[in-house]
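J.: One structure coming up, written as structure tokens, with questions to follow.
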Amino acid sequence: MKRRTPEQLKGQVRAFAKERELQSQEVLQIFLFERILERLSKSKYSNNFILKGGLLISSMVGISERTTMDMDTTVTGVTMNEKEEIKELFTSFFYKGRRMMITYKEVDKTYFDLYDKVSMNVEVNSEYKLKRIDSGLGGFLFEEVPVEKCIKDLSEYELAKEYEKTFDISTWKFYMAFAENKPIGAATVAGPTENLNMLSGRTDACVLWDIRVQDGYKHQGIGQKLFDMCREGAVKAGYKQMIIECQNNNVTACNFYKKQGALLSKVDMYAYYSEPEVRDEIQLIWYLDL
């Protein structure tokens, strides 16, 4: 890949991933791993590291069959108690700038002011057009089509500090990600709640009410980690299914939920008809077995 700016790199990664039906996050991870290995191979320590684990397997079978979030190696021929040598080894080919620690935790409503500071912008480049076959009796045809690029700010519809004005949130769970003390990700899972229409009165299911990652921190696995926390919490609470809503112009979310194993089970072309600014959007409801 020929690269000039971070945005150009991201664009090339998205195009590469779409062409091969991969997730852009996976492609970017592998690209960065390969850059590290390239630097290592050109250093004087190239014979001191033995690659193993998931990254090695994915290099042989392809990332569509096996992806990984980390890189496993064995170090040989280096005396590990020689502190200065080890420091010099890593700083010789890794980035020497400021490091950032990302932490994740379950939170409560006292964090809502911080929660609402996390942006919820969706970059729209394409959308799914829906065509009825035989008036719908023959099914529906989904076609992804390009649209004029825009940014959709979903945070204007969803403020955590407003939850209690509408719902009893005693069964709800909240999760957040922080870069040091800065909130950069958040997610909400709603348990059985009166007047929560998506549950249709069910007590054995929950709703992924919200998941968001701050601009500038996307495509780093933060959304995946938050989703995993939501799923694990739902399983621990004894829920059998997680219900998820998104729209036809949030193609990234559709692909993400598909990757998690969720199944698109409901389509409502008129769900937002009473809201003129989003009247043309189609509601998509996914079900994830837990």
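J.: Answer yes or no as to whether Met269 is surrounded by fewer than 21 Cβ atoms within 10 Å (Cβ to Cβ), under 19 Å from Ala160 (Cβ atoms) and in contact (Cβ under 8 Å) with a residue 12 or more places away in the chain.
T.: Considered against the rule, which asks whether it is surrounded by fewer than 21 Cβ atoms within 10 Å (Cβ to Cβ), under 19 Å from Ala160 (Cβ atoms) and in contact (Cβ under 8 Å) with a residue 12 or more places away in the chain, Met269 comes out as no.
J.: Right, another one. Do we have Phe93 as modelled with pLDDT under 75 and at negative phi here?
T.: When the stated conditions are applied, Phe93 passes them.
J.: Could I ask something else about it? Looking at Gly233, Gly238, which one is modelled with pLDDT of 95 or more and on the phi > 0 side of the Ramachandran plot?
T.: Gly238
J.: Continuing with the same structure: From (1) modelled with pLDDT under 75; (2) surrounded by 12 or more Cβ atoms within 10 Å (Cβ to Cβ); (3) not in a helix (DSSP H, G or I), pick out the condition that doesn't hold for Leu56.
T.: Only one criterion in (1) modelled with pLDDT under 75; (2) surrounded by 12 or more Cβ atoms within 10 Å (Cβ to Cβ); (3) not in a helix (DSSP H, G or I) is unmet by Leu56, namely (3).
J.: Here's something else I'd like to know. Tell me which residues, restricted to region 157-175, are aliphatic (A, V, I, L, M) and surrounded by fewer than 22 Cβ atoms within 10 Å (Cβ to Cβ).
T.: Residues satisfying the conditions are Leu159, Ile169.
J.: Got a number for residues in region 164-190 being closer than 26 Å to Asp268 by Cα and either within 23 Å of the chain's Cα centre (by Cα) or not aromatic (Phe, Trp, Tyr) (or both)?
T.: The number of residues fulfilling the criteria is 6.
J.: Something else about it: Considering only residues that are within 22 Å of Pro192 (Cβ to Cβ) and aliphatic (A, V, I, L, M), which ones fall in region 203-234?
T.: Ala205, Val207, Leu208, Ile211, Leu226, Met229, Ala234 - these are the residues of region 203-234 that are within 22 Å of Pro192 (Cβ to Cβ) and aliphatic (A, V, I, L, M).
J.: Is it fair to say Val235 is within 15 Å of Glu127 (Cβ to Cβ) and assigned by TED's automatic domain parsing to the domain that holds Val124?
T.: In short, no.
J.: Out of (1) in contact with a Phe, Trp or Tyr (Cβ under 7 Å, 6 or more places away or on another chain); (2) modelled with pLDDT of 95 or more; (3) part of a strand (DSSP E or B), the odd one out for Leu130 is which?
T.: Only one criterion in (1) in contact with a Phe, Trp or Tyr (Cβ under 7 Å, 6 or more places away or on another chain); (2) modelled with pLDDT of 95 or more; (3) part of a strand (DSSP E or B) is unmet by Leu130, namely (2).
J.: Do the conditions hold for Ile211, that is, is it in contact with a Leu (Cβ under 7 Å, 6 or more places away or on another chain) and outside any loop (DSSP other than H, G, I, E, B)?
T.: Yes.
J.: Determine the pairs where a residue that is closer than 14 Å to Lys117 by Cβ, located within region 150-164, has a partner that is part of a strand (DSSP E or B) and among the acidic types (Asp, Glu) with Cβ atoms under 7 Å apart, the partner being 6 or more residues away or on another chain.
T.: Glu158/Asp210
J.: Give Gln260, Gln224 a once-over and let me know the one that is in contact (Cβ under 8 Å) with a residue 60 or more places away in the chain and either under 17 Å from the mean Cα position of the chain (by Cα) or not assigned by TED's automatic domain parsing to the domain that holds Asn125 (or both).
T.: From the options Gln260, Gln224, the qualifying one is Gln224.
J.: Which residue, of Thr193, Thr171, Thr188, is part of a loop (DSSP other than H, G, I, E, B) and in contact with a Phe, Trp or Tyr (Cβ under 9 Å, 6 or more places away or on another chain)?
T.: The match here is Thr193.
J.: Quick check: anything in region 191-206 under 13 Å from the mean Cα position of the chain (by Cα) and in the same structural domain as Lys109 (by TED's automatic domain parsing)?
T.: Checking region 191-206: not a single residue is under 13 Å from the mean Cα position of the chain (by Cα) and in the same structural domain as Lys109 (by TED's automatic domain parsing).
The values are calculated or read from the model by the stated rules, or taken from the named source; none is laboratory data. Small disclaimer: the values here were computed from a predicted structure and weren't measured. Note that we place each Cβ from the backbone using ideal geometry, even for glycine, and neighbour counts take in every protein chain shown.
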